[in-house]
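The structure appears right after this line, and notes come after that.
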Amino acid sequence: MTVKNQELIAAGFSSKDIERIKRYQSTGDSQDKILKELSNHFLAVAWIAAGLAIITLVMLPTY
């Protein structure tokens, strides 16, 4: 594992994210485009987690 990969993992990126970054860099995409796509994935996960938390909180008092 290279030092750059270790830095990315320490920053919170998964190995799947690192592979995606490498693929985009090899095709010449800008870093802004890479970060925008990664942030979209993060936002999707955040919305799903928030929705599940709300459903849990709404359903919890009914039991």
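Any read-out appearing in this document is the output of simple, stated calculations on the displayed coordinates, not a laboratory observation. Being a predicted model, the structure only gives us computed values, none of them experimental. When we count neighbours, we look across all protein chains shown, and the Cβ atoms used for this are built from the backbone with ideal geometry, even at glycine.
Computed from label points 7 Å out along Cα-Cβ, the spacing between LYS16 and HIS41 is 0.7 nm.
The sum of -39500 (n - 2.57) across all DSSP H runs of n ≥ 4, divided by the residue count of the chain, sets its helix-only mean residue ellipticity at 222 nm to -26500 deg cm²/dmol. Straight-line cross-link reach from LYS16 at under 17 Å between alpha-carbon atoms covers these aspartates and glutamates, not counting any fewer than eight positions away in the same chain: GLU7, GLU37.
Positive contributions from Lys and Arg (+1) and negative ones from Asp and Glu (-1), summed over other residues with Cβ under 12 Å from the Cβ of LYS16, come out at +1.
Ordering of 3-9, 17-23 by packing is 17-23, 3-9, highest average first (other Cβ atoms within 10 Å, averaged per residue).
Taking only alpha carbon atoms, the chain gives an Rg to Rh ratio of 1.21, where Rh is the Kirkwood radius. Label-to-label distance, ALA50 versus ASN5, with points set 7 angstrom from Cα along the beta-carbon direction: 3.4 nm. Look at the dipole of the chain built from charges on Cβ: of ALA50, TYR24, LEU38, the Cα furthest out on the positive end belongs to TYR24. If you take the Cα centroid of segment 39-63 and the Cα centroid of segment 10-35, the two points sit 27 Å apart.
Charges were assigned to the Cβ only: +1 to each Lys and Arg, -1 to each Asp and Glu. The resulting dipole of the chain about its Cα centre is roughly 100 debye.
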